[in-house]
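Coordinate-derived values only; no laboratory data. What you see is a predicted model; the values in this text were computed from it and never measured. Virtual Cβ from ideal backbone geometry, glycine too; neighbours counted across all protein chains shown.
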Amino acid sequence: MIKTLLEDIDSPADLKRLRPDELTRVASEIRRRIIETVSVTGGHLASSLGAVELAIALHYIFNAPMDRIIWDVGHQAYAHKILTGRRKEFGTLRQAGGVSGFPRPAESVYDAFGVGHSSTSISAALGMASGRDLAGASNRVIAVIGDGSLTAGLAFEGLNQAGHLKKDVIVVLNDNEMSISKNVGALSAFLSRKVTGRYAIMLKKEIESFISSIPRIGGRIMNIAKKAEDAMITFFTPGMLFEGLGFHYIGPVDGHDIDALLNAFTAIGELNGPVLLHVLTKKGKGYPPAEEDPAAFHGPGPFVVETGKAKKPSPVSYTNVFSGALVEIAERDRRVVAITAAMPEGTGLSTFAERFPERFFDVGIAEQHALVFAAGLAKEGFVPVTAIYSTFLQRAYDEVFHDVCLQNLPVILALDRAGLVGQDGATHHGLFDIAYLRHIPNMSVAAPKDEAELRQLLYSAVQYRRPIAIRYPRGSCTGIDITAPLKEIPFGSSEILRQGADAVILAIGTMVAPAIEAAEALERKGIRAGVVNCRFIKPLDEALILREAGRTGAVITVEEHALAGGFGSAVAELLADNGISVPIRRLGVPDEFIEHGTQEEQRAMLGLTAAGIEAAVSAMVATAGKSGVKAS
């Protein structure tokens with residue numbers, strides 16, 4: 001078996017020992033390793049395949065970790081991880097205790113900044129460059145940001161201040177004309193207009209060829225000609241925008257041509273002040289299935305390398321059910337419109353977009369704008385359904401408060417991936433939405449126990465004509481029938497699923513099913529535990545909860561959410577405010593960040609399973625009995 005060059009690379013220092021003409025072979029070997037690993041573990045494939053040469057060139061020219069390299073979002077950083085001492089462990093990608101799917105400073109000194117949400121890299125890089133200057137150091141700071149991330153306002157806030165401060169900072173714009181889905185918006189059109197991309201590279205080469213063909217051209221005239229060339233390229237490319245923001249603009253450069261990248265990074269080393277290098281890459285580069293459908297290979301599960309087909313058929317997910325229900329509702333009600341922040345596939349809105357293109361809006365990676373835009377639509381009599389991953393709504397907190405709730409506008413927040421999300425880990429869990437939404441006046445929050453209830457809650461939310469968030473999990477559904485006619489659920493109502501006398505389990509969302517299973521196991525032990533599908537976190541069904549708490553004498557709340565400020569806290573506040581003094585035990589996520597692993601592993605670790613609930617109820621009833629608290 002032929003030994004690979006990659007086998008001897010355990011740090012950037014090993015990479016630097018290679019000749020430049022060997023780096024293309026290293027790129028091929030890295031791609032093979034990424035494809036083989038992600039086909040087993042799942043992960044962010046297309047974006048990482050598109051940035052392999054870029055990672056190689058960065059580590060070949062610069063001196064990390066002294067030079068800080070910040071990967072925006074981090075979807076594209078697998079090659080970086082392989083080159084920086086994690087090659088041998090890369091097979092554990094996104095597994096419990098293994099390599100994280102995102103750059104993580106606790107994992108490696110080469111991960112200069114923790115990332116996972118988009119558009120933070122430029123601001124972080126500018127802060128680090130300012131800190132470097134205050135400390136009197138001289139290292140380089142490089143931010144690598146995709147053109148999709150550049151649609152967020154935060155990126156331009158960073159660019160604006162960088163141009164003002166004139167710090168030595170390098171921004172690499174990795175332009176592949178995509179974020180997760182195809183980019184949208186005027187900025188994307190500007191970056192991708194006809195004369196940029198490959199056409200700009202051709203234009204640049206033709207101008208250079210013309211200048212060099214002029215016989216006996218003098219040095220002074222050559223300088224004038226070069227400046228004219230640069231001005232023309234800047235005018236016909238996005239360079240005009242970045243030069244206007246105070247950056248030296250270089251590019252566009254072919255991001256898969258290692259020699260061109262090495263030359264560009266070397267040239268940048270001679271410049272002072274902020275520099276933007278515009279690099280053109282192809283998502284999925286080197287793996288035909290990913291090149292043909294980069295959106296499908298953004299974050300695939302395990303797949304067969306030879307065909308690109310999933311190893312297991314994709315089960316029906318809550319996202320699928322939401323997608324179908326929204327189309328069904330919109331068929332009946334022309335007021336319903338849908339909004340996404342650059343994720344029509346991820347949120348299930350691509351079907352809606354095909355059926356109702358005039359009522360569908362993709363605002364790009366701009367959650368703040370999405371919420372204010374939704375508020376404007378609501379003001380004009382429409383019912384906007386804004387589908388956003390729970391973790392990303394955090395970036396639009398003020399807009400929920402100021403623009404939606406303060407005006408009491410009927411904006412529906414469809415919070416996908418609420419709860420534990422598995423292998424994406426701490427940056428992507430949707431564990432905080434209840435806490436930061438339930439204290440805002442006029443906001444309501446609900447969580448369906450299954451896919452059938454998701455349909456009914458979505459339909460009901462359209463009828464309520466008020467701000468409401470519906471949170472639902474990542475993953476497959478229960479498989480129950482969902483063909484029942486759509487019917488409005490009474491606002492703020494819960495339902496008793498099982499009567500009990502010794503304790504009552506108050507559960508929401510994904511925790512309802514294990515609560516029922518726990519109650520059945522407890523009954524076999526002689527403990528009669530009731531189960532309530534509370535369904536609404538705000539408003540709580542106060543009368544029912546107070547009655548069941550007083551009747552059973554013991555309350556257990558269960559939620560797939562942070563305990564601080566969550567559903568259990570709301571129940572405890574309700575009991576305290578009404579002078580109900582009964583034992584209460586809250587099950588949920590403690591005050592810590594939960595690392596990557598499967599959802600099943602995470603729930604088991606936190607006791608958010610039937611066995612965990614059963615153990616908690618058993619202990620509570622036993623303690624209540626010993627203390628003389630009446631539980632029946």
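Basic side chains Lys and Arg get +1 at the Cβ, acidic Asp and Glu get -1 at the Cβ, and with that the dipole of segment 449-532 about its Cα centre reaches some 260 debye.
Modelled this way, with points 7 Å down the Cα-to-C-beta line, the labels at Glu542 and Phe156 are 4.5 nm from one another.
Dividing the radius of gyration of the alpha carbons in the chain by their Kirkwood radius gives 1.03 for Rg/Rh. The phi-based Karplus calculation (6.51 cos²θ - 1.76 cosθ + 1.60; θ = phi - 60°) puts the 3J(HN,Hα) values of segment 262-276 at 4, 5, 5, 5, 5, 5, 4, x, 8, 9, 10, x, x, 10, 10 Hz, whole numbers, x for Gly and Pro. Computed from backbone phi, the HN-Hα couplings of segment 454-467 come to 4, 4, 5, 5, 5, 4, 5, 4, 5, 7, 5, 6, 7, x Hz, rounded to whole numbers (Karplus: 6.51 cos²θ - 1.76 cosθ + 1.60, θ = phi - 60°; Gly and Pro given as x).
The Cα atoms of segment 284-374 define a convex hull whose projected area, averaged across directions, is 7.1 nm².
For Ala418, the residues whose modelled amide H falls within less than 5 Å of its own, excluding neighbours fewer than 5 places apart on the same chain, are Ser390, Tyr472, Arg474.
Backbone geometry of segment 597-604 corresponds, through the Karplus equation with coefficients 6.51, -1.76 and 1.60 at θ = phi - 60°, to 3J(HN,Hα) couplings of x, 6, 4, 4, 5, 5, 5, 5 Hz, x marking Gly and Pro.
For the ranges 112-118, 298-304, 79-85, what's the packing order if you count other beta-carbon atoms within 10 Å of each residue, average per peptide, and put the highest first?
The densest-packed peptide leads the list: 79-85, 112-118, 298-304.
With the charge dipole of segment 498-626 set up from +1 on Lys and Arg Cβ and -1 on Asp and Glu Cβ about the Cα centre, the Cα lying farthest toward the positive end among the listed residues Leu540, Ala570, Thr552 is that of Thr552.
Over the Cα atoms of segment 498-626, the radius of gyration divided by the Kirkwood radius equals 0.95; this is the Rg/Rh ratio. Entry note, the chain: relative contact order of 11 percent, from Cα contacts under 8 Å with a spacing of 6+ residues. Helices in the chain, meaning DSSP H runs of at least 4 residues, each add -39500 (n - 2.57). Divided by all residues, the mean residue ellipticity at 222 nm is -12000 deg cm²/dmol.
Placing +1 on the Cβ of every Lys and Arg and -1 on the Cβ of every Asp and Glu, with nothing else charged, gives the chain a dipole about its Cα centre of roughly 100 debye. The residue among Ile34, Val115, Pro105 whose Cα reaches farthest toward the positive pole of the charge dipole of segment 1-160, with charges on the beta-carbon of Lys, Arg, Asp and Glu, is Ile34.
Please list the non-local residues whose amide H lies under 5 Å from the amide H of Val253, H modeled 1.01 Å from N, same-chain partners needing a gap of 5 or more. Sorted by chain and number, the residues that satisfy this are His278, Val279, Leu280.
For Val172, the residues whose amide H sits under 5 Å from its own are Ala143, Val144, Ile145, Leu277, ignoring neighbours fewer than 5 places away on the same chain, with H placed 1.01 Å from N. The modelled label-to-label distance for the pair Val305/Met240, using points 7 Å beyond Cα in the direction of Cβ, is 4.7 nm.
Sorted from fewest to most neighbouring beta carbons within 10 Å, what does the list Arg471, Arg19 look like? Intermediate results must be reported in sequence, preceding the final value.
Numbers: Arg471 28, Arg19 6.
Arranged by neighbour count, lowest to highest, Arg471, Arg19 become Arg19, Arg471.
Taking every DSSP beta bridge that has both ends in segment 296-434, the antiparallel portion is near 15%.
Taking the charge dipole of segment 298-398 about its Cα centre, with +1 at Lys and Arg Cβ atoms and -1 at Asp and Glu Cβ atoms, the residue from Ala341, Pro357, Ala310 reaching farthest to the positive side is Ala310. Here the relative contact order of segment 498-626, from alpha carbon pairs under 8 Å that lie six or more residues apart, stands at 29 percent.
In debye, nearest 20: dipole of segment 498-626 around its Cα centre with unit charges on the Cβ of K, R (+) and D, E (-)?
It works out to roughly 540 debye.
For an R0 of 35 angstrom, estimate the FRET efficiency from the Cβ-Cβ distance between Lys16 and Glu89 and round to the nearest 0.05. It comes out at approximately 0.95.
The rule of thumb for compact globular proteins, 2.2 N^0.38 Å, goes into the C-alpha radius of gyration of segment 303-423 1.14 times. In a fully extended conformation the segment linking Glu495 and Val40 would gain 159.6 nm over its present Cα-Cα distance, using 0.36 nm per residue. Relative contact order for segment 416-566: 29 percent, from Cα pairs under 8 Å spaced at least 6 residues apart, divided by residue count.
Were the residues from Ser581 through Asn442 laid out at 0.36 nm apart, the gain over their Cα-Cα distance would be 47.2 nm. Of the residues His402, His44, the one with the fewest other Cβ atoms within 10 Å heads the list, and the complete ranking is His402, His44.
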